[in-house]
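Encoded as structure tokens, the structure appears first; notes follow it.
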Amino acid sequence: MYASTVRGLLVRGMLAGLIAGLFAFAVAYVVGEPPVRGSIAVEEAAAAQDAASAPSGHAGHGGDAVSGEAAEEEEELVSRPVQSTVGLATGVLVYGVALGGIASLAFSFALGRVGGFSPRATAALTGAGAFGLVYLVPFLKYPATPPAVGNPDTIGQRTTLFFLMILLSVLLGVGAIILGRRLAPRLGNWNATLTAAGGFVVATALAFVFLPDNSDAVQPGFPAALLWEFRIASLAVQLVLWTVFAVVFGVLAQRLLAERTDDAEVTARQQAPALG
């Protein structure tokens, strides 16, 4: 029974993640695409300025042939309109389904273990915790940056640092929950929660101090307003994704668990006469 319930929650979590991904895609396209286009325009303007100021040491037909070959090599394999529509939708939907499945497993573990919350309330706590631990905390250390920002040669290092921060954030969050549960019998739920939250903040602050900074996150001269718009849009996409997931999954999980409870009660009543 437990395995089938977890499987049902997993399917519903992935479905809720798909629905949340649709909403997140709409926000990403409407709010996120304008600053992305703006940053690409900044990159193209800077490249054109560099090309205009570069010395023309290879003039003539040979230079034209080389520049033509370079232009062909730099031609995009996927056009920008496709990237901003089909590509963006595919990425966001896959992201939503994957994280929805993982969050549903976290919900299955948390249900009944973090207090006497209903499935809807537990789903809301799961969504809020996932948003905070998986995105918000790492974002505060390594904020999102649009195209044309940062050195392309360091993208591997920046990605590694961001995922390391995600891992640390999740581990510290789990540790805070465990600490709060162990302190609750002695300190009470409220004081134990405050102590665990304070420990999480202190540990996260230490991680911020000791992890290396992203030294080339923003190139000099990049418009600050454009960078701000992109980061706000990035936060909005994640907030919509996890809010919609929490609401939809809470409803689906509540219905599933209510059905399983009713079935268990019916089975118990049917078995009661035979046992008597």
(request) Give the dimensionless ratio obtained when the Cα radius of gyration of the range 89-150 is divided by 2.2 N^0.38 Å. (result) 1.39
(request) Note down the nm distance, to one decimal, between modelled labels 7 Å out along Cα→Cβ at Trp190 and at Ala225. (result) 4.7 nm
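The numbers here are math on the coordinates, done by the rules we state, and not lab data. Keep in mind it's a predicted model, so treat the numbers as computed, not measured. Methodologically, a virtual Cβ is constructed for each residue, glycine included, from the backbone with ideal geometry; neighbour enumeration extends over all protein chains shown.
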